[in-house]
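Reading through the structure tokens given below for one structure.
The values are calculated or read from the model by the stated rules, or taken from the named source; none is laboratory data. Note that the coordinates shown come from a computational prediction; the quantities given were computed from them, not determined experimentally. We place every Cβ from the backbone using ideal geometry, glycine too, and count neighbours over all the protein chains shown. Side chains included, ligands, DNA and RNA excluded: accessible areas come from the protein's heavy atoms. Shrake-Rupley method; radii C 1.70, N 1.55, O 1.52, S 1.80 Å.
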Amino acid sequence: MKQLSKPSLIAVAITALGLSACGGGDSAATAPAAVTTSFSGTAATGAAMANANVAISCASGTGSTTTTANGSYSANLSNITLPCVLRATSTDGATVLYSVTTATPGAAQVANITPLTHLVVASLSGADPAAFFSGFNATTASAVTASSVSAAQTAVLTTLANAGVDTTGLTDLIGGALVGGSGSGYDGVLDAVQTLLTSSGTSLTELANSVAATSPSATVDHTARLPASLLLKTAASNCAALRSGEYVDIQPRKGTNLAGQIDTSTLNASNLTWTDGDGSTGTFEANGDCRYKMGTDEYIVSKAGILMGVYVDDDSTPRLSFVIPKQTIAVSELAGAWNALGFQKNDAGTAYVAETVTADISTSGAFTNVNQCVGARLNDTCTTSTTTINLIANSTGGFDWVGSGTSAWTERAFAYRAGSGDLMLVTLGGGGSIHIWTKQRTLGFPLVGEIYTGGANVRMNNQLVPGTLDVFPNGASVVAVDTAAGTITRTQTTLAGGPDYNDTVTQNSPLAGYNFRAAGTTTATDGRTVNIRERTSLSMRGMGISFQSVPHVSSFQMSVD
């Protein structure tokens with residue numbers, strides 16, 4: 001390689017420093033021009049947020065401004081990195097709302113700040129909007145994309161629609177036209193939401209927490225609670241889980257067509273008036289917390305808002321009534337692997353037998369890998385279904401559950417999403433067969449010392465005729481856990497001061513997600529012998545309910561925890 005001479009080295013140094021000797025004069029390097037991004041929008045709760053402080057926090061860079069008397073604001077920030085989250089704080093500090101923006105860098109950013117954008121941030125982040133704002137940085141900003149914000153807006157609009165809010169024409173909660181205090185368009189929806197928050201006794205914080213819990217970004221805790229759409233509805237005075245609205249009443253009956261097993265009813269929780277689909281009415285009478293009588297009928301409500309009960313039919317026969325709040329859920333939301341516990345008519349058509357089912361559901365509603373198991377432990381006789389099965393949205397609500405092939409059939413299905421974000425699916429056949437589905441998972445183990453109290457059961461015999469609604473104020477405490485054997489030993493405290501005794505259940509048996517208690521005998525604390533019945537149980541995660549097969553008495557049992 002040729003060596004550079006000293007003059008050459010000096011020339012390189014001069015060039016690197018950006019200096020020039022042309023004409024004998026000196027000149028400095030020109031600094032790049034600052035990039036300015038403009039922000040604007042309206043802060044409003046329905047009424048305009050006048051003179052509110054607006055803070056803007058971006059992936060890099062921050063800024064602030066103040067709203068005008070009509071709630072509008074504008075700001076110009078230099079050299080920031082999008083996306084950004086925004087916070088509007090009222091002059092008295094009592095109202096704090098959040099929003100987000102993801103528009104093209106350098107372009108004008110339009111971001112309203114309202115209770116609806118607050119819910120969008122909750123849905124987007126799966127967290128408290130205040131915590132998301134305070135921790136916003138380049139890492140957390142990566143989750144804020146045009147597609148994720150769009151999905152969050154869709155989720156919020158669906159929640160409002162399920163709550164009965166008319167959002168016709170409102171699609172862009174972030175950048176849509178908004179005139180605070182006008183009472184129409186976007187502002188009219190804000191007014192409607194504020195009215196529902198007041199009438200339901202729900203705070204925006206409670207509503208946002210529920211919206212966040214159902215976000216794909218949330219860490220789901222599976223606690224049974226109401227979805228956000230029900231939180232916007234009037235609650236019964238003695239049961240926060242019972243809300244006004246439409247319900248699907250599922251009534252499995254042997255030898256009855258689908259129409260005779262499904263009713264869409266309406267509840268007015270303020271006066272506890274229940275209106276059936278045929279227009280007939282009745283009144284719930286409180287019979288304890290979240291427990292009701294209506295004539296000879298009796299119901300109890302889970303913490304997720306599901307009703308379970310027994311009603312007496314026109315022929316004086318008791319029937320199961322399993323009631324879920326009506327929701328609009330897209331087929332695509334049901335995609336995943338599922339477990340079910342069901343009651344299916346036997347081959348002779350004379351009685352019903354319990355079975356477990358596992359299946360995968362695609363985003364289009366197709367069922368694959370369908371495995372059905374029956375027998376003493378519900379996995380003794382298993383078959384793989386070759387029938388093509390699909391869920392298809394039904395215009396009246398829920399889905400048609402369609403099997404095609406040599407034995408074509410059409411049944412019905414209804415889905416429900418609880419406030420934890422967990423999903424449940426109920427499928428019902430024309431002959432009364434019913435299956436309750438929950439997403440597949442492997443059960444964990446409780447801690448020694450954990451205590452479970454209360455509950456209510458409805459047990460159906462093999463003709464689908466239930467007994468009474470039995471409320472059990474007893475409890476169970478965990479006394480031993482053997483993770484190697486997969487077992488949990490509990491001390492059961494019986495009704496009416498009866499003796500305590502121990503029983504053992506095996507987690508994830510006969511399949512992952514189920515638990516099994518073998519039949520046997522044990523000695524109670526007073527020395528008496530206690531017969532323990534075999535039972536297979538499947539808990540509906542996030543619903544506050546579970547389902548059991550009790551083969552000793554050929555029964556299928558539903559329980560509210």
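Computed values, structure above
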| read-out | value |
| --- | --- |
| Considering residues of region 355-400 that are assigned to a strand (DSSP E or B) and among the charged types (D, E, K, R) only, the residue nearest to H552 (Cα to Cα) | E355 |
| For E285: the one exception among (1) in contact with a Gly (Cβ under 8 Å, 6 or more places away or on another chain); (2) farther than 30 Å from S385 by Cβ; (3) open to solvent by 30 Å² or more (accessible area, probe 1.4 Å) | (1) |
| Matching residues in region 460-490 - criterion: being more than 19 Å from L443 (Cβ to Cβ) and open to solvent by 30 Å² or more (accessible area, probe 1.4 Å) | N461, N462, Q463, V465, G467, T468, D470, V471, F472, P473, N474 |
| Residues (of a type in the set (S, T, Y) and either open to solvent by 30 Å² or more (accessible area, probe 1.4 Å) or within 16 Å of S302 (Cβ to Cβ) (or both)) located in region 211-251 | T214, S217, T219, T223, T234, S237, Y247 |
| Region 257-316: number of residues that are aliphatic (A, V, I, L, M), free of Cβ contacts under 8 Å to residues at least 40 places away in the same chain and assigned to a strand (DSSP E or B) | 3 |
| Filter pass, A393 being under 25 Å from the mean Cα position of the chain (by Cα) and buried (at least 19 other Cβ atoms within 10 Å of the Cβ) | no |
| Long-range neighbours under 8 Å by Cβ, at least six apart or interchain, first residue at pLDDT below 90 and surrounded by fewer than 17 Cβ atoms within 10 Å (Cβ to Cβ) within region 495-515, second part of a loop (DSSP other than H, G, I, E, B) and not small (G, A, S) | L495/F472; L495/P473; L495/N474; P499/T525; P499/D526; P499/R528; D500/T494; D500/T525 |
| Of all residues making up region 194-203, the number that are farther than 15 Å from V165 by Cα and either crowded, with 23+ Cβ neighbours inside 10 Å or in contact with a strand residue (DSSP E or B) (Cβ under 8 Å, 6 or more places away or on another chain) (or both) | 1 |
| Qualifying residue in region 532-540 (condition: more than 27 Å from C373 (Cβ to Cβ) and either in contact with a Ser or Thr (Cβ under 9 Å, 6 or more places away or on another chain) or open to solvent by 40 Å² or more (accessible area, probe 1.4 Å) (or both)) | no |
| Close pairs (6 angstrom Cβ cut-off, 6 or more residues apart or separate chains): closer than 16 Å to R535 by Cβ in region 365-393, among the hydroxyl-bearing types (S, T, Y) and open to solvent by 70 Å² or more (accessible area, probe 1.4 Å) anywhere | V374/T381; G375/T381 |
| All strands (runs of 3 or more DSSP E) inside region 403-459 with 1 or more residues being surrounded by fewer than 18 Cβ atoms within 10 Å (Cβ to Cβ) and β-branched (V, I, T) | 409-417, 451-453 |
| Every residue from region 291-311 that is among the small types (G, A, S), modelled with pLDDT under 95 and within 19 Å of P252 (Cβ to Cβ) | G309 |
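Yes/no per residue for (1) within 21 Å of the chain's Cα centre (by Cα); (2) open to solvent by less than 40 Å² (accessible area, probe 1.4 Å); (3) farther than 23 Å from G455 by Cα:
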| site | (1), (2), (3) |
| --- | --- |
| L307 | yes, yes, no |
| Y311 | no, yes, no |
| L320 | no, yes, no |
| A340 | yes, yes, no |
| N369 | no, no, yes |
| C373 | no, yes, yes |
| T383 | no, no, yes |
